[in-house]
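The values are calculated or read from the model by the stated rules, or taken from the named source; none is laboratory data. The structure presented is a predicted model; accordingly, all values stated were derived computationally and were not measured. Neighbour counts are summed over all protein chains in view; Cβ atoms, including those assigned to glycine, are modelled from backbone coordinates with ideal geometry.
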Amino acid sequence: MNKNFLDILERPEVFFELKGKSFCDKSIGNMSWLKAGGSAEYLYIPANEDDLSLILESIYEGVDLNIFGNLSNTLIRDGGLPGLSIIIPKSFSNIASMGDTKLKVGSGTSCKVISEKCLELGIGGMEFLSGIPGSLGGGIFMNAGCFGSEFKDIVVDVDFLTKNGKKIHKKNNEINFLYRKSNISRDLIITSATIQGFLKNSKQIKELIDEINSKRISSQPQGFATGGSTFRNTNDYKAWELIKRSGMSNASFGGASVSNVHNNFLINNGNASANDFEILGNMIIEKVKSELGILLDWEIQIVGKHE
């Protein structure tokens, strides 16, 4: 039976007011950085914030909702995603200066673009963003970080839309930022945020960005589809160290394998399924637990249903 996008709208007449792109049974796994996984039952890519608010106001209350940035840290299972999936596009990528050290940034803005803007403006404290794949919204949701800094260090406040399309606002101290996670509900959609750094010489900013990029290129796999760091570090150990000590440095399953450049990265050798990645990841978790007595926790977000 062919699906129709209007089936999820409580007010079907709204469909003709929407300015974004709508799809049914759209392959979304190949849009992810891992290049694996199934399809979205319904997919919508909004044109702007008003358009996003309109679609949220118009869907039936019981429709499952999945929100994504650029799918850099996400594993979509091969059975796909039921309900409505929304990808926040590059049209949510505005950057506005709010003083010498503060910026208002759209949630679809890539972290790399933010770091480049801060270099231009002489704003320090944002250099680590050059080493983070993905967009502002996803980075805030999971409190992404690298090289000793994370989003909780730069976020002043965040603007959201609720699942009903209503605007709400939260300050940093109202968000429980933890290591590679936050208490932001999946029913909230980040639309923009205010971030703040400090005045710094542009030459020094450039030197640090170059250093971060050099370390990233030399210490992370290049030329393969990968989702970024697979597991969270523990309080006492780096995840890559535990994987190596457990004897899983060369582990593989199907088309997925552990990177020999950085053991906390899983790579797609060209034909990996989402199931390959999940099975390999769980194999690593079990081996680390049995060999070292330490339980690894997924950093990659796993969503969807099994085939």
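Leu18 meets all of the listed conditions (1) of a type outside the set (Phe, Trp, Tyr); (2) part of a loop (DSSP other than H, G, I, E, B); (3) more than 20 Å from Asp187 (Cα to Cα); (4) under 21 Å from the mean Cα position of the chain (by Cα) but one, namely (4). Can you find a residue that is among the small types (Gly, Ala, Ser), within 24 Å of Lys238 (Cβ to Cβ) and out of contact with any Gly (no Cβ under 7 Å at 6 or more places or on another chain) anywhere in the range 128-137? Yes: one or more hits. Within the range 199-222, at least one residue is out of contact with any Phe, Trp or Tyr (no Cβ under 6 Å at 6 or more places or on another chain), farther than 25 Å from Leu65 by Cα, in a strand (DSSP E or B) and in contact (Cβ under 8 Å) with a residue 12 or more places away in the chain. Taking the range 271-307 as the range and being more than 14 Å from Thr230 (Cα to Cα) and either among the polar types (S, T, N, Q) or at pLDDT below 95 (or both) as the test, the residues that pass are Asn271, Ser273, Asn275, Ser290, His306, Glu307. Considering the conditions (1) closer than 18 Å to Gly138 by Cα; (2) buried (at least 19 other Cβ atoms within 10 Å of the Cβ), Lys104 is excluded by exactly one of them, (2).
The residue that is modelled with the lowest pLDDT, counting only those in the range 120-144 that are at positive phi and surrounded by 18 or more Cβ atoms within 10 Å (Cβ to Cβ), is Gly134.
Go through the range 251-284 and give me each residue that's surrounded by fewer than 22 Cβ atoms within 10 Å (Cβ to Cβ), in contact (Cβ under 8 Å) with a residue 12 or more places away in the chain, part of a helix (DSSP H, G or I) and out of contact with any strand residue (DSSP E or B) (no Cβ under 7 Å at 6 or more places or on another chain). Residue satisfying the conditions is Asn275 alone. When restricted to residues that are in a loop (DSSP other than H, G, I, E, B) and β-branched (Val, Ile, Thr), the range 291-307 contains 2.
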